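So the structure is just underneath, and the comments pick up after that.
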Amino acid sequence: MLDPEKMPTLLTAFLQREHPGSEVIVDSYEQILGGFSRLTARFRAEIDGEEQWLVARGDPPPEQSTCATDRLLEWRTMRAVHATGTTPLPRALYFDEDGTQLDTTAMVMEMIEGEPLLHRAAGCDGGELARLADQMADLAVAIHSTDLSGLDHLEVPADWNDYIDGCIQSWRDIEAAHPESDPFIRYLASWLDENRPLPAPLTLVHGDLQSTNVLVRADGSFVALDWELTHIGDPREDLGWCRWNEVIQPPGLIDRDEEAFCRRYAESSGLGSEIVNPQTLAYFSVLSAIGACRVALPTVAAFAAGLNSSLVTGYVLGYISTFHQQFLEVTSAIEAGKAAQEVRS
């Protein structure tokens with residue numbers, strides 16, 4: 001997928017294998033932004049005269065990779081979630097698992113016409129932002145309500161505490177494996193352990209739910225993109241991660257009125273306000289960042305060792321530089337809130 005000149009030929013042959021005996025034409029191949037960790041392109045295909053626009057999404061070469069994730073897992077998850085009919089996402093159509101046909105492990109999916117939610121929100125006033133926030137809460141509920149019976153390829157934790165134990169240990173593990181010691185991460189892991197919220201039922205978690213990964217269709221409906229970090233865990237991870245990303249990519253849908261957002265999600269999901277509230281979102285805005293750190297810190301280490309030449313690593317470095325500041329603000333706010341509550345009681 002790194003060579004746009006030959007991709008129409010490769011895709012034509014690939015689709016002909018998927019549709020034996022059919023006449024296939026592929027043109028208008030164009031690399032696009034989005035899903036910065038993967039190679040992404042759109043193209044026009046005609047299969048027996050029927051036109052459709054499709055998206056190819058594949059792995060970059062190791063020296064340009066900024067995020068090691070599993071395309072087969074993403075493919076199987078997207079197919080299973082789409083089959084439930086409860087969550088709007090692109091339909092994954094074809095898969096080159098071993099990369100022999102498209103020069104890299106890649107999937108081909110339908111192209112969804114729409115505007116990134118981040119762009120839509122940037123041009124909205126307060127009332128419209130409130131409506132978009134409600135839709136974002138509803139999208140999260142739809143994802144977290146997915147029937148897990150068709151997702152047997154995803155690991156299911158023994159229970160909530162076991163899962164949280166693993167997340168916190170992951171913080172310690174990435175710090176221990178990093179070339180440079182980071183005492184703040186060790187502090188963070190201890191803080192997360194000592195300040196656990198009430199448990200929630202384990203559900204499907206998108207893993208990267210944020211406004212840049214949501215498209216708004218012409219009819220105003222939402223579509224969730226980029227399912228590469230999907231797993232089974234605490235649903236509040238998605239809410240916390242979305243909240244954290246809003247700090248670095250405004251405007252925010254959650255932080256404009258966290259109480260209202262939490263109330264909408266809590267009522268729609270049935271979890272209640274003790275489980276979903278601004279304090280638990282703050283906690284999970286820290287805990288959920290392990291997914292990004294787990295892939296970002298090794299990328300930085302590889303860059304320092306001369307094993308990664310991707311320019312995107314520069315973006316990752318800037319991203320990491322905000323971690324300490326944001327985490328410290330979140331933990332300090334939660335501590336202040338707990339102290340104020342103790343005084344009132």
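Taking label positions 7 Å along the Cα-Cβ direction at both residue 274 and residue 113, the computed distance is 4.9 nm, reported to one decimal. For the chain, the longest principal axis of the Cα atoms and the long axis of helix 160-177 meet at an angle of about 80 degrees. The modelled label-to-label distance for the pair residue 341/residue 47, using points 7 Å beyond Cα in the direction of Cβ, is 5.3 nm. At the listed q of 0.07, 0.13 Å⁻¹, the Debye profile of the chain, built from one uniform point per Cα, gives log10 I(q)/I(0) equal to -0.31, -1.07.
Each Cα pair of region 210-290 feeds into the Kirkwood radius, which the Stokes-Einstein equation turns, at 37 °C and 0.692 mPa s, into a diffusion coefficient of 246 µm²/s. Between helix 278-287 and the chain there is an angle of about 60 degrees, using the helix long axis and the longest principal axis of the Cα atoms. Each Lys and Arg adds +1 at its Cβ and each Asp and Glu adds -1 at its Cβ; summed about the Cα centre, region 204-252 shows a dipole of about 140 debye. Ellipticity at 222 nm from helices only: DSSP H runs of n ≥ 4 in the chain, each -39500 (n - 2.57), divided by the residue count, give -15000 deg cm²/dmol.
If you take the charge dipole of region 148-287 about its Cα centre, with +1 on Lys and Arg Cβ and -1 on Asp and Glu Cβ, which of 218, 183, 280 is farthest toward its positive end? The one lying farthest along the dipole's positive direction is 218. Estimated at 0.36 nm per residue, the fully extended path between residue 97 and residue 152 surpasses their Cα-Cα distance by 17.9 nm. Could you tell me which of 227, 337, 241 has its Cα farthest along the dipole of the chain towards the positive end, charges placed at Cβ (Lys, Arg +1; Asp, Glu -1), taken about the Cα centre? Of the options given, the answer is 337.
Considering only 89, 60, 117, the residue lying farthest towards the positive end of the dipole of the chain is 117, judged by Cα position with unit charges set on Cβ. Distance from the alpha carbon centroid of region 52-122 to that of region 161-240 works out to 20 angstrom. Rg/Rh for region 208-255 stands at 0.98; both radii use Cα atoms, and Rh follows the Kirkwood definition. If the segment from residue 219 to residue 16 were pulled out straight at 0.36 nm per residue, it would be longer than the present Cα-Cα gap by 69.7 nm. Taking the Cα centre of region 115-344 as origin and assigning +1 to Lys and Arg Cβ atoms and -1 to Asp and Glu Cβ atoms, the resulting dipole is close to 360 debye.
Any read-out appearing in this document is the output of simple, stated calculations on the displayed coordinates, not a laboratory observation. Keep in mind that what you see is a predicted model, and the values were worked out from it rather than measured. Cβ atoms come from the backbone with ideal geometry, glycine included; neighbour counts cover every protein chain shown.
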